[in-house]
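The values are calculated or read from the model by the stated rules, or taken from the named source; none is laboratory data. The structure presented is a predicted model; accordingly, all values stated were derived computationally and were not measured. Cβ coordinates were reconstructed from backbone atoms using ideal geometry, including for glycine residues, and neighbour counts include every protein chain displayed. Calculation scope for accessible area: heavy atoms of the full protein, side chains included, ligands and nucleic acids excluded. Shrake-Rupley method; radii C 1.70, N 1.55, O 1.52, S 1.80 Å.
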Amino acid sequence: MSSRRKCYLKAPQSGDLIEAELVDELSKDDLVRVHLDWAPVRLEALKRLHQAQRPWPEHWHWDWSQKADMLNLLAYRCMGIEQKGRMQGLMMLSTLAVKGRLGSQAGKAVLYIEFLESAPWNLRDLVGTPQFLGVGVRLLEAAIDFSEEEGFGGRIGLHSLPQSDEFYRKYMSDLGPDSSQSQGLRYFEMSVEQVRYFLEGRKR
């Protein structure tokens, strides 16, 4: 059964913190509803980028209604951040630990993030001025919390699309392109020490 807890996003123009909720377990139906909400906004934004001859986000083709089928397996869980009934970001986690690659935690259990995405109206590349800032950070916090609950010590890992490398480099260790991964994406991992620093930053 899913639960909700309070979190905060930032309004970019005023700098105000806006109350939202982290939903820790979403259903397939939830993801279909999110897709129906996000898809028209994304399509209009892509049309504007095309007319302006600007590059598209690398995840433009993601369809959460299709990713919902992953929830047929117990090995996956999807979380989201909701504000006034509208989903502001989604994250798909694998509940099966992967082995750590970072030197200090090589071989230890790490929680793997399969997908993480902010709503299209929160992406600067799509809309210029996002509605909310901090969605990605709040989702990383949720992944850390879940990693701790699962006994993984807060350790998390993921493969990043190139346009997102800079964001993840702020908080995680960049272990370089993964030759075992079909797209050769860079692999990032957060150590227990980085988790502590990350969470301390949340308090400042």
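Would you check which residues across region 102-126 are in contact with a helix residue (DSSP H, G or I) (Cβ under 8 Å, 6 or more places away or on another chain), among the small types (Gly, Ala, Ser) and under 22 Å from Gln194 (Cα atoms) and list them?
Ser104
As an exercise: evaluate Asp174 against (1) in contact with a helix residue (DSSP H, G or I) (Cβ under 6 Å, 6 or more places away or on another chain); (2) free of Cβ contacts under 8 Å to residues at least 40 places away in the same chain; (3) surrounded by fewer than 21 Cβ atoms within 10 Å (Cβ to Cβ); (4) not aromatic (Phe, Trp, Tyr) and give the number of the one condition it does not meet.
So Asp174 meets the others, but not (1).
Return the residue satisfying two criteria in turn: it lies in region 81-138 and is at pLDDT 95 or above and of a type in the set (Asp, Glu), and of such residues it is surrounded by the fewest Cβ atoms within 10 Å (Cβ to Cβ).
Once the filter is applied, the top-ranked residue is Glu114.
Step by step: first the residues of region 143-170, then only those that are hydrophobic (A, V, I, L, M, F, W, C) and either over 15 Å from Gln194 (Cβ atoms) or free of Cβ contacts under 8 Å to residues at least 24 places away in the same chain (or both), then the one that is most open to solvent (accessible area, probe 1.4 Å). Which residue is that?
So, considering only residues that are hydrophobic (A, V, I, L, M, F, W, C) and either over 15 Å from Gln194 (Cβ atoms) or free of Cβ contacts under 8 Å to residues at least 24 places away in the same chain (or both), the one most open to solvent (accessible area, probe 1.4 Å) is Leu161.
Of everything in region 177-204, what is of a type in the set (Gly, Ala, Ser) and surrounded by 11 or more Cβ atoms within 10 Å (Cβ to Cβ)? Give them in sequence order.
Result: Gly184, Ser191, Gly201.
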